[in-house]
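First up is the structure itself, then whatever we jot down about it.
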Amino acid sequence: MARTKAFDTNEVLHKAMKVFGSRGYEGTTLPDLLTGLGIARQSLYDTYGTKRDLFVTAVKYYMDRKNRDLLELMDQPGAVIDKVKLAFTAMISALADPELRRECFIISSAIEQAPHDEELAAYIRSNTEQVEQAFYSMLERGKERGEIDPETHIRELARFLAHERISLVVAAKMGMDEQNLYGIMRMVLSILKANESSYE
């Protein structure tokens with residue numbers, strides 16, 4: 001009989017996010033991982049493979065969950081500007097939390113590694129396209145309801161929203177405080193407001 005794992009694999013991935021998020025991929029050593037994850041070296045290798053394998057698994061686990069949350073939010077009823085505000089507020093709230101921000105920062109670590117890892121780069125491109133498509137579908141429905149100006153290039157607006165959402169993580173990693181992150185959100189909302197239909 002195969003032995004039952006003595007640890008929760010998802011809990012270990014959460015810990016891995018925090019370790020990689022705090023130290024970056026290059027700055028994270030095997031001893032850092034073993035200490036942070038609280039598992040033995042052989043368990044790490046048997047369950048996740050190499051340091052790189054664990055990193056990619058943790059990145060995908062984190063970003064896939066965030067995408068599901070965003071898709072659920074975008075599919076809910078409500079005004080476009082309210083849903084965008086909720087999406088950005090959720091991101092900023094996580095970045096303002098000392099524990100959650102350590103998980104969020106795995107995104108910036110992934111972006112740093114992407115030029116050196118084609119699999120990771122392809123995943124990030126695909127993930128970003130999914131986020132953009134979620135915003136696009138929401139904007140398209142808003143346009144059909146008369147919320148968005150008919151002349152608005154909603155594909156470009158969706159790409160802008162997806163970009164700015166990720167930029168919050170990068171800005172926070174570089175030391176931007178919560179107040180200024182909300183300032184970015186207000187500018188995003190002002191651009192969205194400028195594209196609202198005047199025929200409502």
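The values are calculated or read from the model by the stated rules, or taken from the named source; none is laboratory data. What you are looking at is a predicted structure, and each value in this text was computed from that prediction instead of being measured. Backbone-built Cβ (ideal geometry, glycine too); neighbour counts: all protein chains shown. Quick note on the areas: whole protein, heavy atoms, side chains included, nothing else; ligands and nucleic acids left out. Shrake-Rupley method; radii C 1.70, N 1.55, O 1.52, S 1.80 Å.
Some notes on this structure:
- Failed item in (1) open to solvent by 50 Å² or more (accessible area, probe 1.4 Å); (2) touching a residue at least 24 places away in the same chain (Cβ under 8 Å); (3) farther than 24 Å from SER22 by Cα, with GLU72 passing the rest: (2)
- GLU132 vs. criteria within 24 Å of ASP75 (Cβ to Cβ) and open to solvent by 20 Å² or more (accessible area, probe 1.4 Å): yes
For (1) more than 18 Å from the chain's Cα centre (by Cα); (2) within 25 Å of GLU103 (Cβ to Cβ), each residue gets a yes or a no:
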| residue | (1), (2) |
| --- | --- |
| ARG145 | yes, no |
| ILE148 | yes, no |
| ALA158 | no, no |
| ILE184 | no, yes |
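- For segment 141-164, the set of residues classified as open to solvent by less than 20 Å² (accessible area, probe 1.4 Å) and under 19 Å from LEU71 (Cβ atoms) consists of GLY142, ILE154, LEU157, ALA158, LEU161, ALA162, listed by residue number.
- Number of positions in segment 165-175 that are basic (Lys, Arg) and open to solvent by 30 Å² or more (accessible area, probe 1.4 Å): 1
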